[in-house]
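A.B. asks: One structure is given below, represented as structure tokens, and several questions about it will come after.
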Amino acid sequence: MAGDGELHKAAYCERREGRAVRCALCPHHCRIAEGGSGACGVRKNAGGELYALSYGRVAAAALDPVEKKPLYHFFPGRPIFSLGGWGCNLKCSYCQNCSLSQFEAPTRPLSPEEAGRAGMEHGSIGVAYTYNEPTVAYEYVGDCCRQVRRRGGKNVLVTNGFIDAGPLDAILPLVDAMNIDVKAFNEDFYHRLCRGALAPVLETVRRAAGKTHLELTTLIIPGENDAIPEMEDLAKWIVDACGPAVPCHLTAYFPSYQMRRAATTAAHLAHARDIFMDYLPYVYAGNVQVPGGGDTRCVQCGSVVVARRAFNADLSGMNPDGSCKNCGADNNIVTA
Ligand code: SF4
Ligand code: SF4
């Protein structure tokens, strides 16, 4: 039904008095009057029924290196068909994809079947749901995931993690890997800069850990989320919630959307990475060049297992099963 002009009913709709509805997909729990839309902009009440406006519509699609998601421990060096629509349930003032997340972007139809087929072409390992926030297109993403799975492909969710536990648990069995943003380790940041909340995101990370391959991303914004105690507390929380083997991506902020603070320098990001690496062995620097900041080093012998320059991965230090070629240690790299 993609692109045929019909509206697709949304899941997690609760009826309220009159023709109002409540959406129970994400922690906003929007109460939506007839004719209105939720905070994400893509779930609309028409006639007392909730509809997923972006079902079957994509605003961006490309064959990307999986490293670009970023995922560094999931089929390194392989491409993945990546798609995104528009809309987001957060409003980050520094959003680096605001043309898709905060505005209605031009779209084209792409059915789940077509997405599933594209996910198996040109060497792609499957489909990544990314660019904007994929969970607000929950029904479409779920249907695409089923099509990808039928064809033997992998599903990757790149998400802000701001989703209720019920819908998350329902879709997790279809998801092979996730990259979840943990934007900061303080509630004030989420309230002030994202119009969201930290606690539900941490709950998402806890629920996903152990059920799917998991990597985390934190965009480092100087003066906002980079206090040393805060970064140490976040790193310790990650070890407690996910274990130390979870790969963490620290990426450099640059001025975008409504935020005009100075960009994060490579030296600043390298310092943040050093702090995280006191607790976690796989910490990567992204968006700026930090020497060695993209390489995977063996947790046991220290040799380079995967060397990276931009999004190119040199796998010469890795066995086909992902283990270290030098010592055979497991470095939590998925290759099959
Ligand atoms: S998914 Fe959208 S409509 Fe539903 S509760 Fe979240 S922001 Fe509101
Ligand atoms: S969650 Fe991501 S896509 Fe949504 S506004 Fe924030 S940075 Fe942008």
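A.B. asks: Using only the Cα atoms, what convex hull volume per residue in Å³ does the chain have?
C.D. replies: Numbers: hull volume 40.7 nm³, N = 336.
Residue-normalised Cα hull volume stands at 121 Å³.
A.B. asks: Which of the GluC sites (Glu not before Pro) found in segment 107-139 are loop residues per DSSP with 11 or fewer other Cβ atoms within 10 Å of their Cβ?
C.D. replies: On the way: sites: Glu113, Glu114, Glu121, Glu139; in loops: Glu121.
Those that pass, being in a loop and sparsely packed, are Glu121.
A.B. asks: So if I place +1 on the C-beta of Lys and Arg and -1 on the C-beta of Asp and Glu, and nothing else carries charge, what would the dipole magnitude of segment 1-127 be about its Cα centre? I want it in debye, nearest 20. Before the final figure, lay out the partial values.
C.D. replies: Numbers: 15 positive and 12 negative charges, 78 e Å.
Once rounded to the nearest 20, the dipole reads 380 debye.
A.B. asks: Let me ask something else. Per 0.36 nm of contour for each residue apart, how much would the distance between Glu49 and Lys9 grow if the chain were fully extended, relative to their Cα-Cα spacing?
C.D. replies: Working: separation 40, 0.36 × 40 = 14.40 nm, distance 0.74 nm.
Taking Glu49 through Lys9 to full extension adds about 13.7 nm, to one decimal.
A.B. asks: Do any of Lys183/Lys325; Lys44/Lys211; Lys211/Lys236; Lys69/Lys91 go past 29 Å between their Cα atoms, and which? Display every interim value, and only then the final one.
C.D. replies: Details: Lys183/Lys325 34 Å; Lys44/Lys211 31 Å; Lys211/Lys236 20 Å; Lys69/Lys91 20 Å.
Table pairs above 29 Å Cα-Cα are Lys183/Lys325; Lys44/Lys211.
A.B. asks: Give the calculated FRET efficiency between Arg146 and His191 to the nearest 0.05, with a Förster radius of 45 Å applied to their Cβ-Cβ distance.
C.D. replies: Values: r = 36 Å, r/R0 = 0.80.
Plugging the Cβ-Cβ distance into 1/(1 + (r/R0)^6) gives 0.80.
A.B. asks: Find the centroid of the Cα atoms in segment 72-140 and in segment 283-325, then give the distance between the two in whole Å.
C.D. replies: The two parts, judged by their Cα centres, are 25 Å apart.
A.B. asks: If each DSSP helix of 4+ residues adds -39,500 (n - 2.57) and the sum is divided by the residues in the chain, what number results at 222 nm, nearest 500 deg cm²/dmol?
C.D. replies: Values: 7 runs with 69 residues, N = 336.
Result for the chain: -6000 deg cm²/dmol, rounded to the nearest 500.
A.B. asks: Now, a different point. Through the Karplus equation 6.51 cos²θ - 1.76 cosθ + 1.60, θ set to phi - 60°, convert the phi angles of segment 261-266 into ³J(HN,Hα) values in whole Hz; use x for Gly and Pro.
C.D. replies: Coupling constants for segment 261-266: 4, 5, 5, 6, 7, 4 Hz.
A.B. asks: Still on this structure: List the pair-distance distribution P(r) of segment 1-150, using every Cα-Cα distance, as the percent of pairs falling in each 5 Å bin from 0 up to the bin containing the longest distance, rounded to whole percents.
C.D. replies: 2, 10, 18, 20, 19, 15, 9, 4, 2, 1, 0
A.B. asks: Counting residues in segment 226-336 as N, plug N into 2.2 N^0.38 Å and put the Cα Rg over that result. Display every interim value, and only then the final one.
C.D. replies: Details: Rg = 15.1 Å, N = 111, 2.2 N^0.38 = 13.2 Å.
The reported ratio for this selection is 1.15.
A.B. asks: Give me the percent of DSSP beta bridges within the chain that run antiparallel, rounded to the nearest 5. Don't skip to the answer; put the middle values down first.
C.D. replies: Details: 27 of 54 bridges.
DSSP beta bridges in the chain are roughly 50 percent antiparallel.
A.B. asks: Given points 7 Å out from each Cα along the Cα-Cβ axis, report the Ala199 to Asp233 separation in nanometres with one decimal.
C.D. replies: 1.5 nm
A.B. asks: Arrange the peptides 155-162, 62-69, 15-22 so that the one whose residues have, on average, the most other Cβ atoms within 10 Å appears first. Please list the in-between numbers first.
C.D. replies: Values: 155-162: 26.6, 62-69: 19.5, 15-22: 14.0.
Ranking the peptides 155-162, 62-69, 15-22 by packing returns 155-162, 62-69, 15-22.
A.B. asks: Show the residues, 5+ positions off or on another chain, whose built amide H is closer than 5 Å to the amide H of His249.
C.D. replies: Leu216, Thr217, Thr218, Tyr284
A.B. asks: Relative to the Cα centre, what is the charge dipole magnitude of segment 92-225, using +1 at the beta carbon of each Lys and Arg, -1 at the beta carbon of each Asp and Glu, and rounding to the nearest 20 debye?
C.D. replies: Value, rounded to 20: 340 debye.
A.B. asks: Please list, ordered by chain and number, the residues whose modelled amide H lies under 5 Å from the amide H of Val305; skip anything fewer than 5 residues away on the same chain.
C.D. replies: Those qualifying (amide H under 5 Å, at least 5 residues apart or on another chain) are Thr296, Arg297, Cys298.
A.B. asks: State to the nearest 20 debye the size of the charge dipole of segment 179-285 about its Cα centre, where the only charges are +1 on K and R beta carbons and -1 on D and E beta carbons.
C.D. replies: Values: 10 positive and 13 negative charges, 78 e Å.
Once rounded to the nearest 20, the dipole reads 380 debye.
A.B. asks: Evaluate E = 1/(1 + (r/R0)^6) for Arg108 and Glu34, where r is the Cβ-Cβ distance and R0 equals 22 Å; express this FRET efficiency to the nearest 0.05. Working shown, then result.
C.D. replies: On the way: r = 29 Å, r/R0 = 1.32.
Plugging the Cβ-Cβ distance into 1/(1 + (r/R0)^6) gives 0.15.
A.B. asks: Would you mind calculating the gained length between Glu17 and Gln258 on full extension (0.36 nm times residue separation, minus the Cα-Cα distance), in nm to one decimal? Walk me through the numbers on the way to the answer.
C.D. replies: Numbers: separation 241, 0.36 × 241 = 86.76 nm, distance 3.72 nm.
In short, 83.0 nm is gained.
A.B. asks: Given H placed on each backbone N at 1.01 Å, which residues far from Ile32 in sequence or on other chains put an amide H within less than 5 Å of it?
C.D. replies: So Ile32 has HN proximity to Val21, Arg22, Cys23.
A.B. asks: Figure the gain on full extension for Val334 and Thr265 (residue separation times 0.36 nm, minus the Cα-Cα span) and round it to one decimal in nm. Intermediate values should be presented prior to the final figure.
C.D. replies: Details: separation 69, 0.36 × 69 = 24.84 nm, distance 3.13 nm.
This chain segment gains 21.7 nm when fully extended.
Laboratory data are not the source of any read-out in this text; all were calculated from the coordinates shown. Here the structure is a predicted model, which means the values were calculated and not measured. Glycine gets a Cβ as well: all are built from the backbone with ideal geometry, and neighbour counts include every protein chain shown.
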